[in-house]
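The values are calculated or read from the model by the stated rules, or taken from the named source; none is laboratory data. Small disclaimer: the values here were computed from a predicted structure and weren't measured. Please note: Cβ atoms are built from the backbone with ideal geometry, for glycine as well, and neighbour counts cover all protein chains shown. Side chains are part of the model used for accessible areas, which takes the heavy atoms of the whole protein and leaves out ligands, DNA and RNA. Shrake-Rupley method; radii C 1.70, N 1.55, O 1.52, S 1.80 Å.
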Amino acid sequence: MTMLLELEGVTKRFGGLTALDGVALDVRAGEVRGLIGPNGSGKSTLFHVASGVHRADGGRIVFAGEPILGRSSDAIARLGLARTFQDIQLFYDMTVLENAMVGCHRLSRAGALAAMLRPPWVAAEERMIRERAREALAFVGLVDLAAERARSIPYGHQRLLEIARALAAEPRLMLLDEPAAGMNPTETRALMHHIARLVDRGVTVFLVEHNMKMVMDICQRITVLNYGKVIASGTPAEVQADAGVVEAYLGGVAAG
Ligand code: ADP
Ligand code: MG
């Protein structure tokens, strides 16, 4: 069993607030792992420290066998970690295709100077990036919208575009932060189908989601955070039966 992402004693503070408090977890290659917990429990912060957006204050984070705490988000992306954001982050005035191409551009060899001078290998790389971006758009069913401005496509499609952009980088691990937020039931079903297909193609998925049916249906294992601490980890059935989890989270979700 290969561990793709391992966290040990990971702590992140914002001033006096401890957003992550000694978090330990491991994501196995090939699984769909869920991360759930009340609002403010540290789920997005965990994705930020794993992807290098924020630097953890302590602990150990290993991705694909490499210690990554302190590395830049670009360096971590090059190791094969891609992500989406809870608040969609697209270039709204660029086209759908251009947004997907951004996913591979950050991995490309061409720096600003090469992009300006355009030696032949830059043009070849650009063609390759365009192809990969189109393939990623096709994967989520957006290729017909490639020429549209990102701002002009429906919200659910913008969420899928973020996934396509992440996929265009050909990652080993994809972190999805509330991908179904704002989606209608039909869009959510399509999203679940795409996530299953990601796994078929060898991408491991680590998912934050409030849609409990979705989490319980597609995740092999679920980790539960509360006030920055892991309070449970296990199969959907184990987590649903955990009294601490029901009290901290599931009871509230059911009631609300
Ligand atoms: P979740 O994604 O589980 O809703 P977050 O990880 O966004 O939770 O936030 C965890 C805690 O950290 C919250 O109390 C939040 O207010 C705080 N927090 C998150 N980001 C910052 C930041 N950049 N500066 C200060 N506090 C933050
Ligand atoms: Mg969040």
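In this label model, Arg151 and Lys213 are separated by 3.5 nm, measuring between points 7 Å along each Cα→Cβ vector.
Computed from the Cα positions only, the extents of the range 183-255 along the three principal axes stand at 34, 26, 21 Å, in decreasing order. With a Förster radius of 35 Å applied to the beta-carbon distance between Ala237 and Asp74, the computed FRET efficiency rounds to 0.35. For the chain, modelled as a GNM whose springs connect Cα atoms under 10 angstrom apart, the maximal fluctuation among Arg71, Arg55, Arg33 occurs at Arg71.
Of all accessible surface on the chain at a 1.4 Å probe, what whole percent is carbon and sulfur? Please report the intermediate quantities before stating the final value.
Values: 6140 of 11770 Å².
Its accessible area is 52 percent carbon and sulfur atoms.
Between Thr2 and Arg55, the FRET efficiency estimated from the beta carbon spacing at R0 = 30 angstrom works out to 0.70. Under a Gaussian network description of the chain, with springs only between Cα atoms under 10 Å, the residue in Val53, Val23, Val246 that fluctuates furthest is Val246. Think of it as helices only: each DSSP H run of n ≥ 4 in the chain is worth -39500 (n - 2.57), and spread over all residues that comes to -11000 deg cm²/dmol at 222 nm. Over all directions, the projected convex hull of the C-alpha atoms in the range 42-88 averages 3.3 nm² in area. Projected label points at Tyr227 and Arg127, each 7 Å from Cα along the beta carbon direction, are separated by 6.0 nanometres. Taking only the C-alpha atoms of the range 1-158, Rg followed by Dmax gives 18.1, 53 Å. Between Ala100, Ala75, Ala169, the residue with the greatest mean-square fluctuation in the GNM of the chain (Cα pairs under 10 Å linked by springs) is Ala75. When the residues Tyr227, Tyr155, Tyr249, Tyr92 are ordered by accessible surface, computed with a 1.4 Å probe over the protein chains alone, the sequence from largest down reads Tyr227, Tyr155, Tyr92, Tyr249. When DSSP beta bridges are restricted to pairs lying wholly in the chain, around 55% turn out antiparallel.
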